[in-house]
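S.K.: Questions regarding the structure given below will be posed in turn.
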Amino acid sequence: MMKMLLWKDWRLCRVPLIAAAILFVSPYIFMSYPLYRSSHGQLVKEFHDFGYVAWGLMLISIAALAGNIFAGERQERSADFLASFPIHRSRIIISKLLITLACVALIWIVGAAAVFIPAFFFSQSPFTIGGLLPYFDIEERETVRAFAAASVGLFGFSWLCSTLSSSSAISAAIGFGLTVAFAVASAVIIEELEPLPVATWHIVSAIVLISGILAFIAGTLHYLFRRRP
């Protein structure tokens with residue numbers, strides 16, 4: 001039965017993954033000519049920068065993944081069919097969580113590869129871990145940390161909205177909007193306060209991260225105890 005659940009949930013994730021692939025290649029398509037005209041040194045830097053753009057765009061598809069995982073079943077009317085089987089909802093949640101987290105991990109692997117592999121691919125020096133360090137300074141780590149917080153926020157809010165809604169598009173849109181709203185509102189409020197010993201961006205990332213986790217927990221509990229499929 002678990003194999004059936006995993007396959008069904010994989011079907012729900014295929015379209016968001018296709019969207020992630022389109023978002024990933026779009027920066028390179030639009031900027032292919034400037035990349036072609038770049039010198040060798042500029043090419044490494046520009047591929048590195050475009051990798052971050054492509055990675056950030058791919059994160060948007062996380063909202064689509066989580067927003068579709070419950071709402072998509074209701075749109076297809078397969079949720080009612082699934083409810084006719086003697087399957088505990090905890091197993092349904094485990095299946096959905098395994099598939100969506102695997103897809104999120106794939107997005108992160110591809111995004112990280114787009115950022116750091118070009119430095120080695122176009123480099124004239126031998127492949128060494130030390131060669132990666134110039135491309136992973138403090139600013140780079142801050143960006144990755146922000147991407148992680150955004151991923152958790154997008155996933156958690158969209159997961160919650162998907163358990164409440166019957167429209168995957170609405171769930172993803174609201175999940176994305178809530179993540180942005182929490183980040184902007186937190187930044188505005190913090191900037192109004194006295195100077196803090198911790199950077200504003202760290203606090204905003206922490207707020208988005210924690211709120212995303214709480215939203216995920218709320219959505220999971222709501223699905224476990226709701227009466228309708």
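Taken together, the values in this text are just the output of simple stated rules run on the coordinates, not laboratory data. Only a predicted model underlies this, so the values are computations on that prediction, with no experimental measurement involved. Backbone-built Cβ (ideal geometry, glycine too); neighbour counts: all protein chains shown.
S.K.: With θ set to phi - 60° and the Karplus curve 6.51 cos²θ - 1.76 cosθ + 1.60, what are the ³J(HN,Hα) couplings of region 173-188 in order, to the nearest whole Hz, using x for Gly and Pro?
M.R.: Listing the rounded values in order: 5, 5, x, 5, x, 5, 4, 5, 4, 5, 5, 5, 4, 5, 5, 5 Hz.
S.K.: So what J values fall out for region 102-116 if you push phi through Karplus, 6.51 cos²θ - 1.76 cosθ + 1.60 with θ = phi - 60°, rounded to Hz, Gly and Pro as x?
M.R.: 4, 5, 5, 4, 4, 4, 5, 5, 5, x, 5, 5, 5, 7, 9
S.K.: Quick one: Karplus J couplings for region 87-94, per residue in order, coefficients 6.51, -1.76, 1.60, θ = phi - 60°, nearest Hz, x for Gly and Pro?
M.R.: Rounded to whole hertz, the list is 10, 5, 5, 5, 5, 5, 5, 4.
S.K.: Using a cut-off of 12 Å between beta-carbons, work out the net charge of the residues near Thr220 (Lys and Arg +1, Asp and Glu -1, Thr220 not included).
M.R.: Numbers: positive: Arg89, Lys96, Arg226; negative: none.
Around Thr220, the surrounding residues sum to +3.
S.K.: Stretched out fully, how many nm does the piece from Arg226 to Ile203 gain, at 0.36 nm a residue minus the Cα gap?
M.R.: Numbers: separation 23, 0.36 × 23 = 8.28 nm, distance 3.39 nm.
In short, 4.9 nm is gained.
S.K.: Fully extended, how many nm does the chain gain between Ala113 and Glu142 (0.36 nm per residue separation, minus their Cα-Cα distance)? If you can, show how the numbers build up before the last one.
M.R.: Details: separation 29, 0.36 × 29 = 10.44 nm, distance 1.73 nm.
Additional length available on full extension: 8.7 nm.
S.K.: Still on this structure, I have one more. Could you order peptides 141-154, 54-67 by the average number of other Cβ atoms within 10 Å of their residues, highest first?
M.R.: Descending mean neighbour count gives 54-67, 141-154.
S.K.: Ordered by packing density, taken as the mean number of other Cβ atoms within 10 Å over each peptide's residues, highest first, how do 205-213, 219-227 rank?
M.R.: In descending order of packing, they fall as 205-213, 219-227.
S.K.: Within 15 Å, Cβ to Cβ, of Ile93, how many net charges do the neighbouring residues add up to if Lys/Arg are +1 and Asp/Glu are -1?
M.R.: Values: positive: Lys8, Arg89, Arg91, Lys96, Arg226; negative: Asp9, Glu73.
Local net charge: +3.
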